[in-house]
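I have placed the structure first, in the form of structure tokens, so that the comments after it can refer back to it.
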Amino acid sequence: MCSLEIQKNSYYCHIGADSSTSVCCQALVSNPCNEILSKGEGNAALTRYYYDAEKRQCLPFNYLGTKGNTNNFLTKEICEELCPVWVNPCIKGEPLLGINSKPTQCHQRQPCVAGYYCHIGYDDETTVCCPSENDACSIPMSQGFGPHVMSRWYYDSLQRQCKQFTYKGLRGNENNFLLRDHCEQTCPVWENPCPSGDPILGSDNKPKQCFPGQDNTCPSTHWCHAGLSLSSTVCCPGRQDPCVLAVSAGSGIGNQQRWFFDMTIKQCKSFVYKGIKGNANNFATKEDCEQRCPVFVDPCPLTYAYAGVSSLPVQYVKCSPENQQCPQNFWCHLGQSQETTVCCPNAVKPCTLPSKVQGTGELRLTRWSYDTNSRACEPFEYFGIKGNQNNFLTREACESSCPAFENPCKSGDPFMIGGKPQFCKRETPCPANYYCHIGVDDKKYCCPAMGGDPCGQPMDRGIGGAQLSRWYWDVSRQCCLPFSYCGQKGTQNNFLTKQDCEQTCFEIDNPCALGEPQMISPNEVRFCSISNPLTCAPSYWCHYGATEQTTLCCPGRVEPQDVCQQPMAQGTGNGQLFRWYYNSISQCCLQFTYRGREGNQNNFLTREECEQQCVSINVCPYGQPQKGLTGGRPILCTFNGTECAPNHFCHLGLVPDENQCCPGEPTNPAACQGLPPQEGIAGPTGSQPMERWYYEVTTMSCKPFTFDGRKGNQNNFLSEADCAATCQVFVNPCSLPISMPPQTCSIDNPNTCSGGSYCHIGGSPTTTICCPSEGDPCQLPLNCGMGNEQLSRWYFNQQSGNCQPFIYLGMKGNQNNFLSQQMCESACAINPCAEGNPFIGVDGRTQTCSASQSLNMCPSSYWCHIGADQTTTVCCPGASQNSCNLPMSTGEGNANLERYYFDSSSKTCRQFIYNGLKGNQNNFLTLRSCQLACQPLDNPCIGQPATTPSGQVLFCSATNKDTCPGKFTFFDKLL
């Protein structure tokens, strides 16, 4: 909401008949709505609006154009937005005002914000949001004020009823409703059904409804009164045990059947309830009553006899799961509760009774029963009562009373004597065709043998819930492995320990020619594999047999260089394995058939493996590699190493074995003299081409290429760093790329560079070369460059308009880089003044100014020259006291600037084109600024208009009122 206050000595925008009378005038009052009508002075006839405080209306009038006041609005809407034109119907305070400064209207679909309520008046203008102070239901009725007769409803808090009254239209309170339903929905109207005290009230001040039979719907101090309707089913005070209360028919006009608990006979009986004022011994159904109160239930399968004609049951004897002692011929029925755990008649042997008798009831209890057919105790669900004696709480209790046996054998029954299974012991072993099965808890039974070698039978985890650690013989791997046995129905390939397994099943299959294979333990061979042959001990080698069992570590290993000298050995056995061996006479790898056993190490699975170990490949681009004195193998080398003889270089292959000494001039200088790189030919099988680096002499740089692996020359480096460390690399000091070779220049002769380039003066002759130009050096930003140098240089600062020192790092700078201050100033300084030089400040910089500044920022006797940019907008000497009388001057330069000057002969401001430099003070950016400075003003204000610090009048407009000084929070809407 806009404020109506204007600060003292502030100004407002007076909108006259034209722009010359639209100026900032001083405001003489703080609230424009309080000023009287003022038609002003002049000859204009402008339709405006003013606020009539007595009528509270915005009315039109004719404004004469000058000398008016602030109660002057361009439109009726702007006037009404600011000044109060409405009636206040609220009893206290003001109504809520909207963004238009008028009261916020309300209705059912547009309620009021928090802290306000909707006052419903006699029309839309008086139906507005008024301040809310009290609970509508707790304040007295108010007829209000006014001439109107309106039927309304109010809430009588004493009688808890909604009543009708007549409202006069204004200044009423919140206890005022259009309809009776609105009143009853807002305020608590209800009847008390409780026998004593009041029910619990909810947040709506009405009794809180509850649900009979659910204890958590009322607090612990209350009980749920089950009325004849939802409104009378509420939480009443004074909770008691309903089962001990006497029956109460209550009061009212109701007539509904209910049930109560009769404590004398412990039974539920019916009665008629009248609707209110009853007690908690009141249930909707017999089932609800019996569920809540302790009704006697006989859990035995045979009903007790009752004594005489009495309605009371005879006393029954209780028992418990811990103490199941009962009188003779009785047994302990174990129910879920103490009431159903009693001694029942007709006790017999439980194991002979039918199994899994579920009984009756709604419970689901897990029990155990003995099945004579399976001779085992089995679980079942018991419903709670009327079961038989073959009913046990746990499996252990069942098995302790009835003999249970589970057959652990995979096939057939265990060995029996007298119908009972026999245990096996060291003293009494199993008879022929039986074996000793060891199950859960070390129970040992003689099970029928399955035939054949136990070590050849499959591993079988069996069935059951046990997790027994056992061992079995793996025929394919020829070793004992662990597994988890479930306890029953397994095979004979089942041993308690690894030692038992190996003693029964282990047998070495030795394929070695020179002794026993390597052993991990007395009964475990060290196996190896094609993928992992290095698992053998140093004096053993991996023999590749026909099977996994004969692929193991054999003794008699020879050194790698001696393997190729061993003769071909076909071995023994029935195998037909295609293998390769190295023939030292023909110096090549040949194929042969290996029989699978007792061979030697000159035995390779593939030709590639054989050639990789025994045949040397010539990797040199020409000639033969340098070879050692023993074995005739090529000499291996490293980059920058000393392994190679004179007139040889180190050929760098893809694998270490192909880093060999090849004939030719050494890498340095051969690679640095323009030798082109060679991609070579493919390397070893399975290898991929690699990125390498070569030296390009024309660009004096190192570049990458792809090397295939063999037949490369000296211009082949593993990394860019190796290349740069070997050959001289040129580093471009310019910020842009250049053509090679670089064009040199010097400090003494910097003008030798061709067009489009300049002499970059670096820290050394190698960095002092011709670099591409990037434009006018004086327009370029400061660039300290890159490198490790610390060179004192000068650059031209466009913002300050002078040359300043900086430290240059030696490379990658730009052309705004001078060796001295004199060289910088001679290249970049510009003087736009017609007479003398611009004013220099205490910081040594040219004093700049701004066309937008109302205050003259230049010193006395200087004036602000407005050039084409900031560098030429400076304080020039020779300020004139009467600039309007100076002749028009187009100045010098290449700019094309639209400006205005005052023509003293015609007394008007005219347009001209300014060239940007060397002009005079009769030079204005806009027609308005020229008129302000040189043409007289007719004052439209009562007082004096606002002026700038330099004395110029401040003009404004309906769309640009913010130019006036002072804080006007309301004038955005005034004009």
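Taking segment 609-629, which residues are over 22 Å from residue 563 (Cα atoms) and of a type in the set (Gly, Ala, Ser)?
Within segment 609-629, just 623 meets the criteria.
Grab the strands (runs of 3 or more DSSP E) fully contained in segment 450-565, keeping just those with 2 or more residues being under 29 Å from residue 615 (Cα atoms) and modelled with pLDDT of 90 or more.
Ranges flagged: 540-543, 552-555.
If you check every pair at least six apart or on different chains, which have Cβ atoms under 8 Å apart with a residue in segment 771-790 that is within 14 Å of residue 761 (Cα to Cα) first and a residue that is β-branched (Val, Ile, Thr) second?
What qualifies is 771/738; 772/738; 784/807; 790/807.
On the basis of being surrounded by fewer than 18 Cβ atoms within 10 Å (Cβ to Cβ), within 28 Å of residue 298 (Cα to Cα) and modelled with pLDDT under 90, does residue 267 make the cut?
So residue 267 passes the test.
Within segment 337-354, track down each residue that is surrounded by fewer than 17 Cβ atoms within 10 Å (Cβ to Cβ) and within 13 Å of residue 302 (Cβ to Cβ).
Matches in segment 337-354: 345, 346, 347, 348.
Only one of (1) within 60 Å of the chain's Cα centre (by Cα); (2) β-branched (Val, Ile, Thr); (3) more than 28 Å from residue 707 (Cβ to Cβ) is not met by residue 606, so which one is it?
Single failed check for residue 606: (3).
Just give me the residues in segment 708-727 being free of Cβ contacts under 8 Å to residues at least 40 places away in the same chain and in contact with a Gly (Cβ under 9 Å, 6 or more places away or on another chain), in sequence order.
Listed by number, the list holds a single entry, 708.
For residue 755, work out the one condition from (1) among the small types (Gly, Ala, Ser); (2) surrounded by 16 or more Cβ atoms within 10 Å (Cβ to Cβ); (3) at pLDDT below 90 it doesn't fulfil.
Here residue 755 clears every test but (2).
May I ask you to say which residue of 380, 423, 392, 405 is out of contact with any Phe, Trp or Tyr (no Cβ under 8 Å at 6 or more places or on another chain) and of a type in the set (A, V, I, L, M, F, W, C)?
Of 380, 423, 392, 405, the one residue that is out of contact with any Phe, Trp or Tyr (no Cβ under 8 Å at 6 or more places or on another chain) and of a type in the set (A, V, I, L, M, F, W, C) is 405.
Looking at this structure, is residue 151 in a loop (DSSP other than H, G, I, E, B) and at pLDDT 85 or above?
no
Just wondering, is there one or more residues in segment 64-78 that are hydrophobic (A, V, I, L, M, F, W, C) and either under 22 Å from residue 129 (Cβ atoms) or modelled with pLDDT under 90 (or both)?
Within segment 64-78, one or more residues are hydrophobic (A, V, I, L, M, F, W, C) and either under 22 Å from residue 129 (Cβ atoms) or modelled with pLDDT under 90 (or both).
Does segment 569-588 hold any residues that are aliphatic (A, V, I, L, M) and closer than 15 Å to residue 609 by Cβ, and which are they?
The answer is 577, and nothing else.
In segment 297-329, how many are part of a strand (DSSP E or B) and at pLDDT 90 or above?
0
Of everything in segment 653-676, what is more than 19 Å from residue 623 (Cβ to Cβ) and crowded, with 17+ Cβ neighbours inside 10 Å? Give them in sequence order.
Selection gives 654, 672.
Can you pull out the residues in segment 116-131 that are part of a helix (DSSP H, G or I) and surrounded by fewer than 19 Cβ atoms within 10 Å (Cβ to Cβ)?
124, 125
Mind listing whichever residues of segment 452-501 are crowded, with 17+ Cβ neighbours inside 10 Å, touching a residue at least 40 places away in the same chain (Cβ under 8 Å) and among the basic types (Lys, Arg)?
489
Somewhere in segment 410-428, is a residue under 30 Å from residue 544 (Cα atoms), in a loop (DSSP other than H, G, I, E, B) and in contact with a strand residue (DSSP E or B) (Cβ under 7 Å, 6 or more places away or on another chain)?
There is no residue in segment 410-428 that is under 30 Å from residue 544 (Cα atoms), in a loop (DSSP other than H, G, I, E, B) and in contact with a strand residue (DSSP E or B) (Cβ under 7 Å, 6 or more places away or on another chain).
Only one of 524, 548 is farther than 25 Å from residue 657 by Cα, without any contact (Cβ under 8 Å) to a residue 60 or more places away in the chain, surrounded by fewer than 19 Cβ atoms within 10 Å (Cβ to Cβ) and not basic (Lys, Arg). Can you tell me which?
524
Given 588, 536, which one is among the hydrophobic types (A, V, I, L, M, F, W, C) and either without any contact (Cβ under 8 Å) to a residue 24 or more places away in the chain or under 28 Å from residue 478 (Cβ atoms) (or both)?
Answer to the check: 536.
Would you check which residues across segment 350-377 are in a loop (DSSP other than H, G, I, E, B) and not hydrophobic (A, V, I, L, M, F, W, C) and list them?
Selection gives 354, 355, 356, 358, 359, 361, 362, 364, 372, 373, 374, 375.
The values are calculated or read from the model by the stated rules, or taken from the named source; none is laboratory data. Values in this document were obtained by computation on a predicted structure and should not be read as measured data. As a convention, Cβ positions derive from the backbone with ideal geometry for all residues, glycine included, and neighbour counts pool all protein chains shown.
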